Every structure is written in C-alpha cells, then in structure tokens.
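Q: After the structure tokens below, expect a handful of questions from me.
All of the numbers you see were taken from the coordinates with simple rules; none came from a lab. Bear in mind the structure is a predicted one, so any value in this text is a computation, not a measurement. Please note: Cβ atoms are built from the backbone with ideal geometry, for glycine as well, and neighbour counts cover all protein chains shown.
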Amino acid sequence: MAATAVTAALVGIVALSGFHQQLREIDPPGPDSASEVAGTDRIGIRTFTPPEGIVVDADLEYGVREDGTLLTLDVCHPVAQTTAAGATAVGTEAGVTASADSGAVPAEAGAAVDLAPSLPAVVSIHGGSWQRGDKANTDWRNVCRWLASEGFVAVSVDYRLVPDAIFPSAIDDVALAVEWLRRPAQFERFGIDPGRIGAFGGSAGGNLAALLGTSGEGAVDEGSRVAAVVELSGPVGLRTDELVADEASLWLRSIVAAYLGCEPGDDDDDCPQAADASPATHADESDPPVFIGHAEDEIVPLGQSQRLAEELANAGVPVELAIVTGGEHSIGILDEALRARVAAFLHEHLG
C-alpha cells in the first residue's frame, strides 16, 4: 500500500508540473473546523494547557494528488531540544531560538535547528467520520502541542475526505506523510529520527493510525511503517458481520459505507474493501506495539476495540487496551490520567 501511495503521488506531481493543474485545498480548513469532541465542555484533551515555547510550523506541503488536492501538515516542536554542541535550543511560536551561551537569537519562523541526538516523531491523525475535521482545529492543535510537550516532534496531518475521496485515499495520504518524514531534508530540518516514528489517531483517525501500523510487513523503520501506534475510539472492524455483532448504530454503518464506497446493508461479499480497511486483516508479528483506548459507553461500540485487541494479540502483536468509564469519544477521553498512560507507552516504544 505504501509503495502504491508514493508512486501515485509522484505521478500526480509530474502531471501537475506538465499541465499546470490548479491546486485545491482540503475543505474545510482552519482552526475552528469541526472536532469530533462535541460541545464545549472542558474534557479530555481540553484539560491540557500547553507550556510556553512550543513551535508550530503550519501548513507544510507533503504531497499533491492527481486531482490537484494539496496535502499539508503541521509540525509541533518540543519545548527544548539539544544541539550538537550540547546547548539547549528553545523554540517559540514567533520562531525564536536560544542557546545556553548566547541567549535569545531571532530566527525566521520555521527555520531549521541543528539537533542532536535526533528525536522521535509522532504522526497525529484527526477524526471526523472520514468526512470532516482538520489538523488545526482547536482540539487537534492541542494534541499536537501535547505530544510536543512530551518531547516528540508531533506531525499533525490532513488527508482527503469523503465524499471527494473514498478508501483507500485517506490511508494512502497518511502513509505518504510518513514517507515524507523519512526524507533526509526532514531529518535535517526537524531533527527527526527516521527509525522512531509513531502514529496517534482518534475516531476515524484511530482507524487510520491502526491501519498504518498493520499495513506492510517487516522492519518498522522503513517506507511508511511506524514503530508504535496509539488509537482512541476507532471504528476498526468495518466488515458487516463485525458491525452487526457490535450492534453498531445506523449512523455508524452509514458513515462506514460512505467511506468504503459501498451501500449501507451490503454484505461483505458486496463490499470486499471492508476487510482491507480493517486493521486486523493485515496484522502479523512484524507489526509495532499498539495502545487502544475506548470508553465503556460511547458512540463507537466498545466491542470494536476489544475485538481488535484480541486479534492483534493472536497475531503476535503487543497490545495494551485501556477501557475508561463514561461515554466520551476519541480525544474526549484523553484526560490527564490517559495522557500519562499514552505518553508512557510512546516513550517506552519510541524512546
């Protein structure tokens, strides 16, 4: 799948250069685009207050698709990073860096900082039923800053949405973002260790993070492979028999059908892509450790996560399942306690 994604992206870029096709951004963009956390209650990730000094490089292009869709991501830098000389480099939103010897030195926003040792990165994948949401909405920008505060280079990605694009467009885009991170230019710019890249996603983004983790086989430090996965509240078993067994709502079955390009009520023979879009289908013992978080009584049935945990374990994949009380969804369950568990998991497996 990763090779297909990269090939398609390269073909798209060549075509654009030859025919000057007009680029178009993913709609809806912007910081206030819908979050999958409903309402205004201060719950989950909203209980996190970012420390000062985190740098956010916004709207960096990581690819262009054949139809002219411009794919962008945001990079959130850790508060403090160590340079090759052993001094501490501290970034701010204004693009200021500082060293222990020389004090504050103005720099252009997004300017490269020479970093050593290299840092682990986490690709952050927003939710929204595969049909809405944005990397920079208030809640997901907070996820990006939280991951950066934990010492990771956080990379929050946008991807193509339903109805303009159906499966496998979204996973192809996310895989391309990982490939982009492994380019030497990104190591030099952000100090990323290409062998220590993880994935974090919630809701539909949780499905994509888990699918990214199980796609492909072999070494997790090459191509679009990742070394650790965290998924929260993801609809991860998309076959009809799984949705029926979990007593999934008509709403959930409808958005799954729209994402897959099937008709609601199609059986698995009529919608074979349902298996391909379900992470456990591809699981094998070469896959990275997976952390799964889910609330007891939320909009995505708990059985989805329980089954995935069992299937991953049966395939020889290390898995941790955290079931929390209540009915909040996705990053709505990412309160201080769960953030601590997730951070510990990522530090353990990414270093």
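Q: What does the net charge come to around GLY351 if you take all other residues with beta carbon closer than 14 Å to its beta carbon, with K and R at +1 and D and E at -1?
A: Charge balance near GLY351 sits at -3.
Q: Just rank ARG42, ARG24, ARG253, fewest to most, by other beta-carbon atoms within 10 angstrom.
A: Result, fewest neighbours first: ARG42, ARG24, ARG253.
Q: Let me ask you something else. Sorted by packing (mean other beta-carbon atoms within 10 Å per residue), highest first, where do 216-224, 193-201, 271-279 land?
A: 193-201, 271-279, 216-224
Q: Read phi for every residue in segment 293-308 and hand back ³J(HN,Hα) as whole Hz from Karplus 6.51 cos²θ - 1.76 cosθ + 1.60, θ = phi - 60°, with x for Gly and Pro.
A: Result, rounded to whole Hz: x, 7, 8, 4, 9, 10, 5, 9, x, 4, x, 4, 6, 5, 5, 4.
Q: Would you mind calculating the relative contact order of segment 154-244 from Cα pairs under 8 angstrom and at least 6 residues apart, reporting the percent as a whole number? It would help to have the intermediate numbers written out before the result.
A: Values: 118 pairs, mean separation 24.0, N = 91.
Over segment 154-244, the number comes to 26 percent.
Q: Using a cut-off of 10 Å between beta-carbons, work out the net charge of the residues near VAL37 (Lys and Arg +1, Asp and Glu -1, VAL37 not included).
A: Residues near VAL37 contribute -3 overall.
Q: Right, another one. Quote the Stokes-Einstein diffusion coefficient, in whole µm² s⁻¹, for segment 179-311, based on the Kirkwood radius over alpha carbon pairs, a temperature of 4 °C and a viscosity of 1.567 mPa s.
A: 84
Q: Given q = 0.13, 0.30 Å⁻¹, what are the Debye log10 I(q)/I(0) values for segment 189-242, with equal point scatterers placed on the Cα positions and solvent ignored?
A: The Cα Debye sum returns log10 ratios of -0.36, -1.08.
Q: Quick one: work out Rg over Rh on the C-alpha atoms of segment 280-324, Rh as Kirkwood radius.
A: On the way: Rg = 10.6 Å, Rh = 10.7 Å.
Ratio value, two decimals: 0.99.
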